[in-house]
Amino acid sequence: MQKLQQLYEGKAKRVYATDDPGLVIVDYKDDATAFNGAKKGTIAGKGVINNQMTNRFMAKLEKAGIPTHFVQELSERETLVKKVSIVPLEVIVRNISAGSFAKRYGVEEGIVFDAPTVEFSYKCDALDDPLLNTSHALALKLAARSEIETIRKYALAVNDFLKAFWSSCGVTLVDFKLEFGRLADGTIVLADEISPDTCRLWDSQTHEKLDKDRFRRDLGGVEDAYAEVMRRMKEAL
Ligand code: ADP
Ligand code: UDP
């Protein structure tokens, strides 16, 4: 498999073409951003951890019946994935109040919900990823109704899997963001990443934050937190 020209450079990853039009290579950087790029920095070793964690989860989810873009890990930071056309929705699942949910509704962080919530943001940096509902997504023709139903079903199944997995590692899954894409034949698959950049993970005993909130909120110990969740994941596998 040949790595050809760069197709896209995002905030955390680069995407490269390959000699197969149906496959691309994602290359994970140590760059970190928050607040839609307003805060910038580096988290040493993050690219390796996010690549390896994402791939382990994608492989497990695939086995559990959720189709994903994952093909093969190529190196510490590079992975071969199926090329998709990304559905421009950030799919956020929450088990516990935190972050923008707590801010928007004026509640404290840490309220455990009776059932998970699913929400969508329009993936559009220029508009600051505005929150939207299904009828908005349909009006904007971002996805078909059946696609949104599939995405919601997969997102909740991913939550069930991740919640149980992290719980077995002494980690509480607070919330996370997923992205889905369409293969050439229209099949919806899970894409992008599942990592401490895109999940809120709290130590189950101490409630210590073990995710990107340490960077967003200048809490220190960012690298150690990423390394700690990776260590616990490897121990559990
Ligand atoms: P951002 O674009 O938000 O800065 P990244 O730095 O993570 O994000 O860049 C990776 C980009 O690749 C994202 O836009 C993501 O939607 C996209 N992407 C993820 N998986 C795939 C895939 N399988 N095929 C094509 N694009 C993908
Ligand atoms: N998230 C993400 N990318 C985004 C927005 C959110 O990965 O562009 C993740 C974030 O890490 C958290 C969850 O989605 O795990 C919910 O984030 P929230 O809506 O609370 O926004 P934030 O507080 O990150 O602004």
Filtering the range 189-210 down to residues that are under 19 Å from Ala34 (Cα atoms) and within 15 Å of ligand 1 (Cβ to nearest atom), which residue is surrounded by the fewest Cβ atoms within 10 Å (Cβ to Cβ)? Thr198
Keeping to the range 25-39, report how many residues are in contact (Cβ under 8 Å) with a residue 60 or more places away in the chain, within 12 Å of ligand 1 (Cβ to nearest atom) and in a loop (DSSP other than H, G, I, E, B). 2
Does Lys11 fit the bill of being of a type in the set (Lys, Arg), within 14 Å of ligand 1 (Cβ to nearest atom) and in contact with a strand residue (DSSP E or B) (Cβ under 9 Å, 6 or more places away or on another chain)? yes
The strands (runs of 3 or more DSSP E) lying wholly within the range 70-139 that contain at least 2 residues that are in contact (Cβ under 8 Å) with a residue 60 or more places away in the chain are 78-82, 89-96
Exactly one of Asp218, Asp213 is of a type outside the set (A, V, I, L, M, F, W, C), over 21 Å from Ile86 (Cβ atoms), surrounded by fewer than 13 Cβ atoms within 10 Å (Cβ to Cβ) and within 16 Å of ligand 2 (Cβ to nearest atom), and that residue is Asp218
Cβ contacts < 9 Å: first residue within 18 Å of Gly99 (Cβ to Cβ), restricted to the range 210-229; second residue at pLDDT below 95 and part of a loop (DSSP other than H, G, I, E, B), any location; separation 6+ or different chain. Result? Arg216/Phe35
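What residue, of Gly181, Gly186, is of a type in the set (Gly, Ala, Ser) and surrounded by 19 or more Cβ atoms within 10 Å (Cβ to Cβ)?
Gly181
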Anything in the range 1-19 that is closer than 15 Å to Phe70 by Cβ and not in a strand (DSSP E or B)? List them, or say none. Met1
If you check every pair at least six apart or on different chains, which have Cβ atoms under 6 Å apart with a residue in the range 1-24 that is closer than 14 Å to Glu193 by Cβ and at pLDDT 95 or above first and a residue that is of a type in the set (A, V, I, L, M) and within 16 Å of ligand 2 (Cβ to nearest atom) second? Lys13/Val26; Val15/Val26
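The values are calculated or read from the model by the stated rules, or taken from the named source; none is laboratory data. Note that this is a predicted model, so its numbers are computed, not measured. Ideal geometry is used to build each Cβ from the backbone, glycine not excepted, and the neighbour counts take in all protein chains shown.
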